[in-house]
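Read-outs throughout are calculated quantities, based only on the coordinates presented, and are distinct from any laboratory measurement. Since we're looking at a predicted model, the values are computed, not measured. Please note: Cβ atoms are built from the backbone with ideal geometry, for glycine as well, and neighbour counts cover all protein chains shown.
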Amino acid sequence: MEQSLAGRTALVTGSTSGIGLGIARLLAAAGARVMLNGFGKPEDIEAARRAVAEAGDGSLPPHSAADLSKPDQVRAMCAEAAETLGPVDILVNNAGIQFTSPVEDFPEEKWDAILAINLSANFHASKAVLPGMRARNWGRIVNIASAHGLVASPEKVAYVTAKHGVVGMTKVIALEVAQTGITCNAICPGFVRTPLAEAQVGPLAQKHGVSEEAALKDYLLAKQPSKRWVEVEEVARMALYLCGPGSGAVNGAALSIDGGWVAA
Ligand code: NAD
C-alpha cells in the first residue's frame, strides 16, 4: 500500500476490536505510527497489537487502557500518545457502546455511559489534540458516528442522541478549522460485520423461528437496502481516505457507508 501516512502519528480509540482495529491496521499499513486504546482480555489486546504490527512496519504499537467514560483518562491518553509517538496528527474517535430499551425503561446509568463514551469522549479528545494540530497546521479528526447519527430507530434513545451529537460536533469543529490544514469529518456506517454485530443473528433467528440467513436479511438488515453487511475493511478504507493527504477539501462531512439505509 502507498505509504501516504509515513511520518504521521495516529490515535485510534476503541481499537482493540472491530472497526477501530480495522482502521488502526490500515493506518499502520499506510505508514502511520499508531496508538491503540480499548478494553479486552490481555491476550486479545496482544493479538490486536500484533495485527497492527504485522500490517505496519513490524513494531508493536503502544496501547492505552484509558476508560473513555472518564474525561481525565481521555486527556491522559492523548498526553501519553503525544509522549510516546510524538504530537498526534490523526485522531479517530471510534469507541462506542450501545443499549436498547424503550425510553420509559432506559436505565439512567446506561444513558450516562453512552453519552460519555460515544459523545463526550470525542469532545475531550478533540480538545486535547487540536492545539498541537493548529501549531503544525495539519491534522485529521475522524469521528465514527453511525447511520443512527442521521436517522433514528426506536429503543435506542441514548445511542441515537449521542451519534446525532457526534455529527453536530463534527460540523462545529470543521467550521472552526476550515482555514487551516486540519479537517474533521464523520463516518456513518450501517450494520458492519463485527463479532458483536454478528452475535445478534442467532438469537434473532431463534426468536422469529427462521433460518440465520433469513434473520439477517429480514430482521437485522431490514433497514439496509443492500441486505448485506458493510465490511470492516470498507469502513477502514473510508477512514484512511479521510486521514490521508488527498482529502483536505472534505471537511464537516457525514459520509454514509450503509448500503443505502439513509437514502431510503
Ligand atoms: P466493538 O465493540 O467491536 O468495538 C468497540 C471498541 O470500543 C472496543 O475496542 C472496546 O474495548 C472499546 N470501548 C468500549 N467502551 C470503552 C471505554 N469506556 N473506554 C475505552 N474503550 C472502550 O464495536 P464496533 O462495532 O467496532 O464499533 C465501533 C464504533 O463504530 C462504535 O462507535 C459504534 O457505535 C460504531 N458503529 C458500529 C456499527 C456496527 O454495525 N458494528 C454500525 C455503526 C456504527
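Quick look at the values:
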{"quantity": "Flag if A145 is under 17 Å from M238 (Cβ atoms), touching a Lys or Arg at 6+ places or on another chain (Cβ under 9 Å) and surrounded by 19 or more Cβ atoms within 10 Å (Cβ to Cβ)", "calculated": "yes"}
{"quantity": "Residues of segment 224-243 that turn out to be touching a residue at least 60 places away in the same chain (Cβ under 8 Å) and surrounded by fewer than 18 Cβ atoms within 10 Å (Cβ to Cβ), as a count", "calculated": "2"}
{"quantity": "Qualifying residue in segment 249-257 (condition: among the polar types (S, T, N, Q), crowded, with 18+ Cβ neighbours inside 10 Å and not in a loop (DSSP other than H, G, I, E, B))", "calculated": "yes"}
{"quantity": "Filter pass, N143 being within 12 Å of the ligand (Cβ to nearest atom) and under 16 Å from N93 (Cα atoms)", "calculated": "yes"}
{"quantity": "Cross-chain or 6+ apart pairs with Cβ under 6 Å, segment 51-76 first and free of Cβ contacts under 8 Å to residues at least 12 places away in the same chain, then among the basic types (K, R) and more than 9 Å from the ligand (Cβ to nearest atom)", "calculated": "L60/R49"}
{"quantity": "Residue tally, condition farther than 20 Å from G202 by Cα and among the basic types (K, R), over segment 215-264", "calculated": "1"}
{"quantity": "Count - residues of segment 106-121 that are within 11 Å of the ligand (Cβ to nearest atom) and over 16 Å from V12 (Cα atoms)", "calculated": "3"}
{"quantity": "Condition check for V88: within 23 Å of C184 (Cβ to Cβ), touching a residue at least 12 places away in the same chain (Cβ under 8 Å) and more than 16 Å from the ligand (Cβ to nearest atom)", "calculated": "yes"}
{"quantity": "Selected residue (criterion: farthest from the ligand (Cβ to nearest atom)) from residues of segment 1-24 that are over 26 Å from P71 (Cα atoms) and surrounded by 15 or more Cβ atoms within 10 Å (Cβ to Cβ)", "calculated": "S4"}
{"quantity": "Residue within segment 165-185 that is farther than 20 Å from V250 by Cβ and more than 12 Å from the ligand (Cβ to nearest atom) present", "calculated": "yes"}
